[in-house]
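A quick write-up on the structure given underneath.
The values are calculated or read from the model by the stated rules, or taken from the named source; none is laboratory data. Predicted model, so just to flag it, every value in this text is computed and none were measured. Here the Cβ positions follow ideal geometry from the backbone for every residue, glycine too, while neighbour counts run over all protein chains shown. Just the protein is used for accessible areas: all its heavy atoms, side chains included, with ligands, DNA and RNA removed. Shrake-Rupley method; radii C 1.70, N 1.55, O 1.52, S 1.80 Å.
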Amino acid sequence: MTPQPGTKAGPPPLSRVAPAAARINFADPVVLVYLALVAVYLIGWTIVGLRGGDFVTVANTVTILQNSAALGLVAIGQTYAILAGSLDLSVAYLISLVTLITAQVMESAGIVAGVAAALLLAGLVGLGNGLIVTKLKVNAFIATLGVALILRGYLENTYTGPAGDVPTEFQRLGYDRIGPLPVSVFLVAAVATLTWFVLRRTSLGHHIYAVGGDREIARLSGVRTDRTVITAHVLCSLCAGLAGVFLASRLGAGAPLAGTDGQYDLVSIAAVVLGGSLLAGGRGGVVGTIGGVLILSVLDNVFDQLGVDPFFKNVVRGAVIIAAVALYARQSVARRRRQDQRRSG
Amino acid sequence: MTQTAVPETRRTRLRLPATLSASTPVFVLLGVLLLVLAFVDIGFYEPDRLLAFIRRAAPLIILAAGQYFVMVSGGFDLSVGSVVTVGVVVAAELFNIAPDMPWPVAVLILLVAGMGVGLINGLISTLLAVPSFITTLGMMLILQGAVFFWTQGAPRGYLSDDYRTLGRGMVPGLPWLPWAVIVLAVVAAAAVVFMRSDTGRTLVATGDNDAAAALSGVRVHRLRVLAFVLSGLAAALAAVLVGGFTGISAQAGDGMEFEAITAVVLGGVALGGGRGSVVAAMAGALSLQTLFTLLTMLGVSGALESTVQGVIVIAAVALGAVSWSRRQRVPNSTKERR
């Protein structure tokens with residue numbers, strides 16, 4: 001805010017006296033995510049509209065939400081891991097395995113047992129990830145990649161194709177609606193709300209941010225850092241497990257390629273970063289993540305409507321991820337520069 | 001107070017043979033794996049089989065060297081696997097369009113294209129301040145998508161025998177010496193010389209502490225871009241070698257980015273950069289390849305192979321981390337006592 005040359009010091013510009021609550025902080029990544037989401041939505045609407053398609057209809061909105069459910073669940077989980085300064089590359093194979101376990105257990109022992117087995121498996125994998133990262137001090141990238149390889153070997157050795165059968169009642173989770181909204185939307189919303197609560201209102205959440213910000217300082221301040229990271233990994237895997245359960249209900253059976261075909265490992269990380277969370281941990285949140293997921297699924301929907309080649313979708317998706325993150329990065333670089341200037345006077 | 005404490009601990013740490021100690025585990029691992037191989041099948045050490053093994057390992061070792069440059073300067077390059085895929089497919093298409101093209105031209109086109117990808121990766125992650133994980137992940141999606149879009153998953157064309165010579169042929173006059181081994185030797189020597197040069201040392205310093213490096217006059221951005229360009233170049237070269245012995249497929253380089261990163265980490269290079277030697281990174285790649293060979297020899301089925309690989313990678317890195325942290329505790333404890 002350099003003073004304009006030639007003008008006397010007058011009253012401050014209006015924006016500076018406006019009450020804080022009424023101002024939108026455009027440097028806040030979460031605000032940017034949702035602005036980007038609105039922009040993507042409007043552009044998509046325009047393009048699809050020009051081609052004579054329907055975009056803003058209940059049916060299409062439901063489709064967008066329905067298709068973002070699985071990625072949404074994984075990305076919410078990934079948010080825990082990334083905020084804690086870790087990440088999880090094993091989610092894709094875990095999801096595949098969970099769909100199979102869910103379907104097989106449900107086939108023989110019923111719905112409750114199926115879900116329980118799925119979540120138990122997911123929790124154990126998360127525990128494994130967390131223990132390897134903290135106790136064996138293996139970098140999270142390598143640790144979860146190694147766990148991914150282990151799961152992959154088991155999958156490829158055990159299953160050759162779809163297996164198990166999901167009872168029709170449970171497939172309702174994937175297809176039923178409450179009012180106009182699919183059940184999956186409520187599931188994602190519930191998990192997201194719970195996550196928001198955990199991250200913002202519980203000591204576990206505060207510890208996750210602290211550990212992700214600076215593990216050593218958190219440790220010196222009395223946070224049980226290992227336990228926090230392990231818990232973050234367990235929660236991450238549980239969310240991936242929920243995604244697997246949901247996909248099993250959508251597909252009606254277990255599918256060995258459900259997770260890897262969706263590239264849930266890398267795309268979920270991209271969605272979290274797209275949502276304004278710092279990849280290095282310590283800053284961000286689940287609200288942004290949901291925005292990031294919605295951006296990706298709105299894009300997907302626009303491409304589907306335009307009949308864009310599915311392979312070409314990946315090209316644009318890659319470009320959008322880079323461009324969007326570049327946008328935030330520029331913002332934060334500019335903010336840091338401003339702070340530095342202020343500090344140095 | 002902290003201002004005086006920080007440089008002092010840095011100096012203590014640097015006085016330790018840091019790179020040496022961090023890379024010891026990988027050489028032990030490699031030694032153990034090679035020893036086990038000798039017990040499983042002593043014929044492995046017959047010169048022609050050994051050279052054939054090195055020829056097969058060459059692409060991954062070259063990729064690891066390239067990945068090392070990026071990782072030691074504090075980044076990731078997730079796009080190298082897709083660069084390999086694109087390289088194989090593009091080469092085949094090139095020969096499809098111009099069947100009479102001399103093979104060095106095709107190789108040159110690939111190498112330049114690889115450097116181009118690296119340049120873009122580097123510029124995006126430095127100038128636009130995008131984390132390299134995201135930049136190269138996006139690049140990976142773009143390249144994978146582009147190659148599938150272009151070929152619809154079934155690449156056409158062929159690779160001429162001349163072109164394949166580099167990957168699978170022998171040096172004329174020395175029928176026991178594969179070209180790939182020569183290429184590998186040249187790359188390894190160049191990598192070592194580069195890392196011993198001022199530029200190489202500054203690259204490590206940048207990864208260790210880029211702010212400090214910048215304050216001492218290092219052009220941090222330029223160095224990081226250079227690292228990505230070298231990684232792209234290495235990936236393109238690996239693509240030429242891979243093209244020598246695989247079919248033309250849109251999956252030629254699948255998963256190689258993770259193998260390269262694993263190799264570099266096995267070599268004791270800290271994620272986040274600033275520590276570790278390029279020789280150790282290449283030794284990490286050789287260890288991985290030895291492991292794959294060993295698993296095949298032991299008759300571990302293709303599917304279970306990745307499980308065993310996962311366990312061993314975690315175990316190896318864990319062992320490395322344990323020995324490293326024990327060594328690191330020395331300067332830390334002196335700091336705490338002060």
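Would you look at the GNM of chain A, springs on alpha carbons closer than 10 Å, and say which of A:Asp265, A:Asp309, A:Asp226 moves the most?
A:Asp309
Going by accessible area, probe 1.4 Å, with all protein chains left in place, what is the ranking of A:Lys137, A:Lys313, largest first?
Sorted descending by solvent-accessible area, the residues read A:Lys137, A:Lys313.
Working with all protein chains in place, sort B:Leu137, B:Leu50 by solvent-accessible area computed with a 1.4 Å probe, largest first.
Result, largest first: B:Leu50, B:Leu137.
Can you pull the accessible area of B:Ser249 for me, 1.4 Å probe, Å² to the nearest 10?
Number for this one is 40 Å².
Per 20 Å bin, what percent of the C-alpha pairs of the protein assembly as shown does each bin hold, from zero upward?
For the protein assembly as shown, the pair-distance distribution reads 17, 51, 29, 4, 0.
If I stretch the segment between B:Asp162 and B:Val192 completely, what's the gain in nm (0.36 nm per residue apart, minus their alpha carbon distance), one decimal?
7.8 nm
Sort A:His206, A:His233 by heavy-atom solvent-accessible area, probe 1.4 angstrom, most to least.
Most to least solvent-accessible, the answer reads A:His206, A:His233.
Please state, to two decimals, what the Cα-based radius of gyration of segment B:89-164 comes to when divided by 2.2 N^0.38 Å (N = residues).
Normalised by 2.2 N^0.38 Å, the Cα Rg of segment B:89-164 equals 1.30.
Pull up all non-local amide H partners of B:Leu177: gap of 5 or more, or a different chain, and H-to-H distance under 5 Å with H placed in the peptide plane.
So B:Leu177 has HN proximity to B:Val171.
Is the C-alpha gyration tensor of chain A telling us rounded, prolate or oblate? Criteria: a/c under 1.5 is rounded; beyond that, a/b larger than b/c is prolate, otherwise oblate.
Note, shape of chain A comes out oblate.
Let me cross-check A:Thr57: its accessible surface, 1.4 Å probe, with only protein heavy atoms counted, in Å² to the nearest 10?
Ignoring ligands and nucleic acids, A:Thr57 comes out at about 50 Å².
If the elastic network links every pair of Cα atoms under 10 Å, which of A:Val223, A:Val91, A:Val234 fluctuates the most in the Gaussian network model of chain A?
Checking each option, the largest mean-square fluctuation is seen for A:Val223.
If you split all Cα-Cα distances of chain B into 20 Å bins from zero, what percentages do you get per bin, shortest first?
Computed distribution, short to long bins: 30, 56, 13, 1.
Any idea what angle helix A:91-109 forms with the longest principal axis of chain A, computed on alpha-carbon atoms, 0 to 90 degrees, nearest 10?
Value to nearest ten degrees: 40.
Please list, ordered by chain and number, the residues whose modelled amide H lies under 5 Å from the amide H of B:Leu78; skip anything fewer than 5 residues away on the same chain.
B:Thr136, B:Leu137
Taking 0.36 nm per intervening residue step and subtracting the Cα-Cα distance, what contour gain separates A:Asp309 from A:Val56 on full extension?
My answer for the length gained is 88.8 nm.
What number comes out for the charge environment of A:Arg250, summing +1 per Lys or Arg and -1 per Asp or Glu over other residues with Cβ under 12 Å away?
Taking every other residue near A:Arg250 into account, the sum is 0.
So what are the ³J(HN,Hα) numbers for segment B:78-85, from phi and the Karplus equation (6.51, -1.76, 1.60; θ = phi - 60°), rounded to whole Hz, Gly and Pro as x?
7, 8, 5, x, 6, 5, 4, 4
Rounded to the nearest 500, what is chain A's calculated 222 nm mean residue ellipticity when only DSSP H runs of at least 4 contribute -39500 (n - 2.57) each, over all residues?
-25000 deg cm²/dmol
Taking the full set of protein chains and a 1.4 angstrom probe, give the accessible area of B:Trp103 in square angstrom, rounded to the nearest 10.
Surface accessible to solvent at B:Trp103 totals approximately 90 Å².
Once the cut-off is 19 Å, how many percent of the Cα-Cα pairs in segment A:143-240 end up in the long-distance tail?
When all Cα pairs of segment A:143-240 are counted, 64 percent exceed 19 Å.
Roughly how many whole Å is it from the C-alpha centroid of segment A:275-308 to that of segment B:69-146?
25 Å
Which residue, chosen from B:Phe133, B:Gly81, B:Leu143, occupies the Cα position most advanced towards the positive end of the dipole of the protein assembly as shown, where the dipole is computed from +1 (Lys, Arg) and -1 (Asp, Glu) charges on Cβ about the Cα centre?
B:Phe133
Mind jotting down a quarter of the surface of the convex hull over the alpha carbons of segment B:255-311, in square nanometres, one decimal?
4.0 nm²
Looking at the square roots a ≥ b ≥ c of the eigenvalues of the Cα gyration tensor of segment A:244-334, which shape do they give, rounded for a/c under 1.5, prolate if a/b is larger than b/c, or oblate?
oblate
Treating the beta-carbon of each Lys and Arg as +1 and of each Asp and Glu as -1, no other charges, what is the dipole magnitude of the protein assembly as shown about its Cα centre, to the nearest 20 debye?
Magnitude of the dipole: close to 3220 debye.
For segment B:36-52, in order, what is each residue's ³J(HN,Hα) by Karplus, 6.51 cos²θ - 1.76 cosθ + 1.60 with θ = phi - 60°, in whole Hz (x at glycine and Pro)?
4, 4, 4, 6, 5, 7, 5, x, 4, 8, 5, x, 5, 6, 5, 5, 5
Using the Cβ atoms and a cut-off under 15 Å, what net charge is assigned to the surroundings of A:Gly259, where Lys and Arg are +1 and Asp and Glu are -1?
-2
What whole-number volume per residue, in cubic angstrom, does the convex hull of the C-alpha atoms of segment B:39-119 give?
Convex hull volume per residue, Cα atoms: 147 Å³.
Treating only the Cβ atoms of Lys and Arg (+1) and Asp and Glu (-1) as charged, compute the dipole magnitude of chain B about its Cα centre; round to the nearest 20 debye.
It works out to roughly 1500 debye.
P(r) for segment A:28-159: what percent of alpha-carbon pairs falls in each 5 Å bin, starting at zero?
Spelled out per bin, shortest first, that is 2, 9, 13, 16, 14, 12, 11, 11, 9, 3, 1, 0.
Cut-off 10 angstrom, C-alpha nodes, Gaussian network model of chain B. Which of B:Gly169, B:Gly153, B:Gly118 fluctuates the most?
B:Gly153
Kindly write out, for segment B:103-111 in residue order, the coupling ³J(HN,Hα) from the Karplus curve 6.51 cos²θ - 1.76 cosθ + 1.60 (θ = phi - 60°), rounded to whole Hz, with x marking Gly and Pro.
4, x, 5, 4, 4, 4, 4, 4, 4
Could you work out the relative contact order of chain A? I mean the mean sequence separation of Cα pairs under 8 Å and 6+ apart, divided by the number of residues, in percent.
Relative contact order, chain A: 32 percent.
For every other residue with a beta carbon closer than 15 angstrom to the beta carbon of B:Phe133, add +1 if it is Lys or Arg and -1 if Asp or Glu, then tell me the sum.
With Lys, Arg at +1 and Asp, Glu at -1, the net is -3.
Among A:Thr144, A:Leu199, A:Asn157, which residue has its Cα furthest toward the positive end of the charge dipole of segment A:136-200, with +1 on Lys/Arg Cβ and -1 on Asp/Glu Cβ?
A:Leu199
If you average the sequence gap of Cα pairs under 8 Å that are 6 or more apart and divide by the length of chain B, what percent do you get for the contact order?
With pairs under 8 Å counted, the relative contact order is 35 percent.
Please work out the C-alpha center-to-center distance from segment A:184-233 to segment A:59-127 and express it in whole Å.
Answer, in whole Å: 19.
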